Every structure is written in C-alpha cells, then in structure tokens.
1. Within region A:209-258, how many residues turn out to be of a type in the set (Lys, Arg) and surrounded by 14 or more Cβ atoms within 10 Å (Cβ to Cβ)?
2. Scanning for something among the polar types (S, T, N, Q) and in contact with a Phe, Trp or Tyr (Cβ under 9 Å, 6 or more places away or on another chain), does region B:169-187 turn up at least one residue?
3. Going by the structure shown, is B:Gly8 surrounded by 15 or more Cβ atoms within 10 Å (Cβ to Cβ), in a strand (DSSP E or B), more than 14 Å from chain A (Cβ to nearest Cβ) and on the phi > 0 side of the Ramachandran plot?
4. If we scan region B:94-102, do we find a residue that is in a loop (DSSP other than H, G, I, E, B), facing chain A (nearest Cβ under 8 Å), touching a Leu at 6+ places or on another chain (Cβ under 9 Å) and among the aliphatic types (A, V, I, L, M)?
5. How many residues are crowded, with 18+ Cβ neighbours inside 10 Å, within 9 Å of chain B (Cβ to nearest Cβ) and small (Gly, Ala, Ser) when one looks only at region A:1-38?
6. List the number of the failed condition for B:Met1; all other conditions in (1) farther than 24 Å from B:Glu216 by Cα; (2) within 12 Å of chain A (Cβ to nearest Cβ) hold.
7. Quick one: which helices (runs of 4 or more DSSP H) lie wholly within region A:57-158 and hold at least 3 residues that are charged (D, E, K, R)?
8. What's the total number of residues in region B:108-120 that are of a type outside the set (D, E, K, R), within 18 Å of B:Gly149 (Cβ to Cβ) and not in a loop (DSSP other than H, G, I, E, B)?
Amino acid sequence: MNARIFHIAANTFREAVRDRVLYNLIGFALLLSGAAVLVGQISIDIERLVVINLGLTAVSLFGVVIAIFIGIGLVSKEIEKRTLYTVLSRPVRRWEFIVGKFFGLAGTLVVNTFFMAIGVFGALLYVVHKFSKPDALILVALYFIILEFLVICSLALLFSSFSSPLLSAVFAFSLFVIGSFADDLRGFAGMAHGVTRWVATGAAYLVPNFSALNVISAVAHQQPMNSQLILQNTLYALFYTTMALSGAVLIFERRNLK
Amino acid sequence: MAAIEILGLEKTYMVGFWRKRPKRALQPLQLTVEEGEIFGFLGPNGAGKTTTLKILMGLVFPTAGTARILGHDWTDPEVKAQIGFLPEQPYFYDYLTAHELLDYYGQLSGVPGKDRKRRIEEVLQRVGLTDIKGVQLRKFSKGMLQRAGIAQAILHNPKLVFFDEPMSGLDPLGRREVRDLMEQLKQEGKTVFFSTHILSDAEALCDRVAIIHKGELRGVGAVADLTATVQGKVEVVWQGTQIPVSMKALGAECHVTGDTVRAVIPENQQDAAIDALRRECIRLIALTPLRTSLEAYFVEKLQLSPTATEKTLGTAV
C-alpha cells in the first residue's frame, strides 16, 4: 500500500474510533450476545445453537449498520464540510483518497468484529463451559461476515461518491436486503418465463449475493464447511468489492467539488 | 519563470433541474503571476475568484483552457507538493487536535517524519497558535481555525501559496499578523496569490492585482501604477480649526477633524492656498496631490461594460 493511502486509511480509522455512535452500536451488539446467554439458558439442549445464531447475527447486523452508517458519509461529508479541499490540494490522487477511505473503514470493521467475536465466544463459553472442535467453524462464519462488510463498505462508498448520505443509506440498505435474498431471487428467476425470467436473472446476478456469505445457521448446526466454498466466497467478495470500488473511483475522478 | 500562467481557463456550469441551461462562472482567463510577488485577486462576492482557485487546485475541472504552475502542467500531482492552499472559510477534521491535523497533512505532503514535528511547532508558533496542545479543533474559534488553515498551507514550506480570503474571521490584530506573515513569505522568496474583496489589504500588501467581475477579468496591473493617476486636485492640511475666508473663495471643500483642517482644492490654486494660510499665520502640515485609490479603480472597473473592458484589457495585461 502506498504511504498516502495508508495515512488516509489511518485517519479514517481514527475518525471512526473517535465517533461515539460506534461505541453505542458495539455496546448494543455485545448486549445482544449477552441476551443470547439468557435465551440459551431457557432453551433446553439447544443453548449452543441459540447462542451462536443470535451472537453471530448480532455481529453481522450491527456491523452492516456501522458499515452503512460510516460508509455513506465517507466522501459526501468530506465534500459537504470542505475538508476534502485541503487533502486534494496536496499530492494526493483522487483514487488514492477513495481506496484509503475504503481501507480505513474496512480496518475499523475488522477491529469491531474482533471485539464482538470475543463477546460471542465469551457467551458461548458461559453456556457450554467448554469449546469443542466444531466451534472453530464460528471463525469461518466470522470470516464470511468480514467479506460481507467489505462488499457493503465498497457499495456505501460507491453511493457516497455521487449522492447524498440519506440516499446512499437507502441504496446501500436496499441492496443489503435484496442481496440477503439473492438465492430466492435466483430461484424465482429459474421458475419465471419470458422477459420476467431475463430481468429476474439479470437482477439476481447483479445484486451482491449475501445469502452465499451467510453460513451462520450451518455453523450453528455444526455442518462442515468445505474449502471450495471458502475460496469461492473469497473470490466473489473480492471481485464484487473491486468492481464497486472501481465504480466509485470512476465517478469521483470526474466529479466537480463545488 | 512565471509562478502561475493561466491560459484561457474557463468554466461553465449546467444549472436547473429539468431544463438544464449553461451558466458561465469563468470567462476565458489569461493571467500571469511572476515568482516572488504578492498577487491580489480582487472581486466582489460571486465574481469567480474561488472558482479560479478551485480549478488551479484540481477541485473543479475547467470547461476549456489550461494552466502552468511553477513551470509544470497544473494537473501534475507532484506540483502540489510545492504549493500550499488555504480555502475560504476552512473547516477541518474537528475530532483532531491542531498537532494531529498538521501531522496528517505533513504526511500527505511527504514531509519526512523527523522534520515534521519541528515544522509543526514552527508554523503553529508563526501563526500565533500556542497553548493548544490536546485541544480538538471543534473547540477552536473561527479565528483560530483560520490560523490553523494558514499553518497547514505553509507547513511543507511551499514555493507558492494560494490564500482564499485569508483575513476572513480574523480580528484587526489577527489581520495585521497575517499581513506581516505574507510579507515574510515574500521576503523568503515565495509567491503569494490571494483572493480578497478587502481592498485596503490588497493595497497595503500586493505588488500587482487583478480585478475580476462576473467571471470576467476587468484589469491587471501593479498597485503603484493603478493608483498613480493624479486627479488634478491637491489636499491641504493645516493646524487649528480656523478656515480662512480666502480659502473658501478658492472653492475648497473643508473638513475639520480635531485640531486639523483638511481641504481639497484644484491643483492650480495650491499657491494661492499657501499664501492664504501664510497671511493668517496658520501652520501648514501637508500638501499632497490626490491620487486615485485602489477602491476608485476597483469601482470603475466593476462599472465598465464588458465591451469597454475588452478595450482596456489590451493595455492592462
């Protein structure tokens, strides 16, 4: 990574870390993991399943909210507050700014996920008293959640590069919801006929396939994960992220900062 | 070598929601700023000063034209390591302290780590921001933010500094300090290009000025030349509050201020005025020819029609 991208990423990370809203959201996520302990205790024989399901869902949902909440303002807020003027009047290329912002937010989410994961493992240990070998699969689910965050970050940045924070939030959250049902959309496309089939198939492959990245239920049920799925999901998330980031760069490179 | 060469830069925005129509913010601009001078870019609000600066900083793309900064194409990112920029009403990352902000900008400008700490202390001292360690910028007053803005513009020791309304938000003492700083920058061999609509600042500081109005260049020249025109009148100042009758007879417009009287009379009456004061045994303090002020020149250029301006520009540029 070149030095300027690193410095922009570090400043983005520092901005996020100094934002009180971030701590409120992490607090909520940890609270939900704690609540999973209570629910687990009243769920006879399925404590483990409930704690993993609720805990990882909390990590995923709150992470997505943080990614969207911070990501939508990364570019538009800098333009609106004119803080960008003193950055781009230095030897900083516009693409370096976008990529630096992305890495800063992605770094923030990785660190958040680390702390929230400690909460989930803590809750699980409290309920089952001892970790078993299949619990390592939680790490795979967490890895997929991080991949999901990378895609969301890049989408939030893409929308932030040309629209207002409110519209960016609407676009990013809508894509997250649609992408979470991408498998169902593909199933629908398979059953449809004529133009509907073409439109549904196009939409199904265009939206990010978040359902493929969601293995929380499978992990909770201790189903094995094959390495091919991990590789496929990694390549898919990196490809989608690169495309969305390239789009953000292309738009931002041509934008007049009035 | 010219520090800045603006070669026909122009900007047209498309305005309106449904039926977009062009709005020209900057007409083709030709301007040269020499190295080592303080150059004032004058114009009323909305004249096109900030648009020009934004184009030069690469924040806005011109519709046509080009420019050269320090001998290089103005879009070359590496040129930016040699220039400093203070935007109008600057706003910075308010979660940072001034030291953190300058450290960040120093990193982006490629100032080596070992020099950065020393430079930060130097520039903060220079702009009068002391005892602010650990204070986040959100707690800074408008004047303090302006000083932080000036500090970031000169942090990396640039050869050319662009200031957009640098006196904005500063108290009289602060304005004086910024004027002194700009003169120091000039003495260090740097070029200063600043936009303002405060004419007294421009008159006191600038070697040359350009006047822009409605996106069109209305005049360029050395301040001394622009204000050299004698109006054919002289100002006579004498001690006391007495106005001799013979002075009134000369058609003098007299104003009493404290224990001095100022009178403006036609130039050809100045000997008669001195004789009148001598007869009454009144002490003469000063006799000076009235020159066109920069303000008068500015107003004159703003009132000119575009066609008339085109005629005068040929001699002004």
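1. Within region A:209-258, residues that are of a type in the set (Lys, Arg) and surrounded by 14 or more Cβ atoms within 10 Å (Cβ to Cβ) number 1.
2. No, the conditions are met nowhere in region B:169-187.
3. Criteria not met by B:Gly8.
4. Yes, region B:94-102 contains a residue that is in a loop (DSSP other than H, G, I, E, B), facing chain A (nearest Cβ under 8 Å), touching a Leu at 6+ places or on another chain (Cβ under 9 Å) and among the aliphatic types (A, V, I, L, M).
5. 0
6. So the condition that B:Met1 fails would be (2).
7. Answer list for region A:57-158: A:76-80, A:94-128.
8. 2
The values are calculated or read from the model by the stated rules, or taken from the named source; none is laboratory data. Since this is a predicted model, take the numbers as computed values, not measurements. Cβ coordinates were reconstructed from backbone atoms using ideal geometry, including for glycine residues, and neighbour counts include every protein chain displayed.
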